[in-house]
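Engineer: Pasting a structure below so you can have a look.
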Amino acid sequence: MDIYLIRHTQTANKKGFCYGQTDVILADSYADEMANLHNKLPEFEDDCCVYSSPLIRCLQLAHTFSDNVITDTRLLELNFGNWEGQPFDAIDSDIFQHWTDNIVTTRPPNGENFEDLYQRAAEFWKDLLVTEAKQVLVFTHAGVIRALLAHALNLPLANSFQLRIDSGSVHKLQLYDNYLYVEYMNL
């Protein structure tokens, strides 16, 4: 099974804006970024499975690859709770620093920590691996891709933040004879 983890393209929000599960629109550069992404990927079989976060920044891109997109809430970005929609610099600096120093275990108020995201992503991964598909596309967010890679490669969660996940990037994994290979990352 070939598995393509694909991060959405750039968003139209301002820099420094907390938008984990906030549904933001894509940047004006979307058409060019989408065409570039299509050029990075091979032609897919008709029976290719396409999964997407239900947020428009992923779903819009997924629909350019398939009319049969399966949305899954387990593919949502980190829930920032009360911080959603806020500029990061509006958050108390001591509280924010504590969170960034302990992102794996500390939750924003009414939000989730990276362990929470990891658990739901791992459940998605477990279900994905029992599908019969030969090709799978997963349109999601940087945090989810880090969590899926951490799960697949058995990385300590804190180390997953060392993985660069660019907007519009592709990360290809291949499951062959019950062994998982990383073919490439951040293409």
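The values are calculated or read from the model by the stated rules, or taken from the named source; none is laboratory data. Predicted model only: the values in this text are computed from it and were never measured. Here the Cβ is made from the backbone with ideal geometry for all residues, glycine too, and neighbour counts use every protein chain on show.
Engineer: If I filter the stretch 53-78 down to residues being farther than 19 Å from Asp116 by Cβ and out of contact with any strand residue (DSSP E or B) (no Cβ under 8 Å at 6 or more places or on another chain), which single residue comes out as surrounded by the fewest Cβ atoms within 10 Å (Cβ to Cβ)?
Structural biologist: Applying the filter and picking the extreme gives Asp67.
Engineer: For Glu112, all conditions in the list (1) under 27 Å from Val182 (Cβ atoms); (2) modelled with pLDDT under 95; (3) not hydrophobic (A, V, I, L, M, F, W, C) hold save one; what is the number of the exception?
Structural biologist: In the conditions (1) under 27 Å from Val182 (Cβ atoms); (2) modelled with pLDDT under 95; (3) not hydrophobic (A, V, I, L, M, F, W, C), Glu112 misses (2) alone.
Engineer: So which residues in the stretch 66-90 are touching a residue at least 60 places away in the same chain (Cβ under 8 Å), closer than 30 Å to Asp46 by Cβ and over 17 Å from the mean Cα position of the chain (by Cα)?
Structural biologist: Ser66, the sole residue that qualifies.
Engineer: While we're here: (1) more than 24 Å from Pro156 (Cα to Cα); (2) touching a Phe, Trp or Tyr at 6+ places or on another chain (Cβ under 6 Å); (3) in a loop (DSSP other than H, G, I, E, B): which one isn't true of Glu45, the others all being true?
Structural biologist: Just one mismatch for Glu45, condition (2).
Engineer: Looking at the stretch 22-41, can you tell me whether even one residue there is at pLDDT 95 or above, among the β-branched types (Val, Ile, Thr) and either part of a loop (DSSP other than H, G, I, E, B) or surrounded by fewer than 12 Cβ atoms within 10 Å (Cβ to Cβ) (or both)?
Structural biologist: no
Engineer: In addition: Quick one: in the stretch 97-141, which of the residues that are outside any loop (DSSP other than H, G, I, E, B) and small (Gly, Ala, Ser) is surrounded by the most Cβ atoms within 10 Å (Cβ to Cβ)? Lay out the reasoning, then the answer.
Structural biologist: So in the stretch 97-141, the residues outside any loop (DSSP other than H, G, I, E, B) come out as 97-101, 114-128, 135-140.
Right, trim to small (Gly, Ala, Ser) and you get 121-122.
On the way: Ala121: 26, Ala122: 16.
The residue in question is Ala121.
Engineer: Out of everything in the stretch 142-155 that is surrounded by fewer than 23 Cβ atoms within 10 Å (Cβ to Cβ) and within 12 Å of His171 (Cα to Cα), what residue ends up being farthest from the chain's Cα centre (by Cα)?
Structural biologist: That would be Leu149.
Engineer: Output the residue which, of all residues in the stretch 79-89 that are touching a Cys at 6+ places or on another chain (Cβ under 9 Å) and assigned to a loop (DSSP other than H, G, I, E, B), is surrounded by the fewest Cβ atoms within 10 Å (Cβ to Cβ).
Structural biologist: Per the stated criteria, the residue is Gly85.
Engineer: Restricting the first residue to the stretch 7-32 and requiring it to be of a type in the set (Asp, Glu), which pairs with a second residue that is surrounded by fewer than 19 Cβ atoms within 10 Å (Cβ to Cβ) meet a Cβ separation below 6 Å and a spacing of at least six or different chains?
Structural biologist: Matching pairs, first to second residue: Asp23/Ile56.
Engineer: Among the residues of the stretch 68-118, how many are of a type in the set (Gly, Ala, Ser) and under 21 Å from Thr11 (Cα atoms)?
Structural biologist: Residues that pass the stated criteria total 3.
Engineer: Only one of these is in contact with a helix residue (DSSP H, G or I) (Cβ under 7 Å, 6 or more places away or on another chain) and not hydroxyl-bearing (Ser, Thr, Tyr): Pro87, Pro42, Pro109. Name it.
Structural biologist: Answer to the selection: Pro109.
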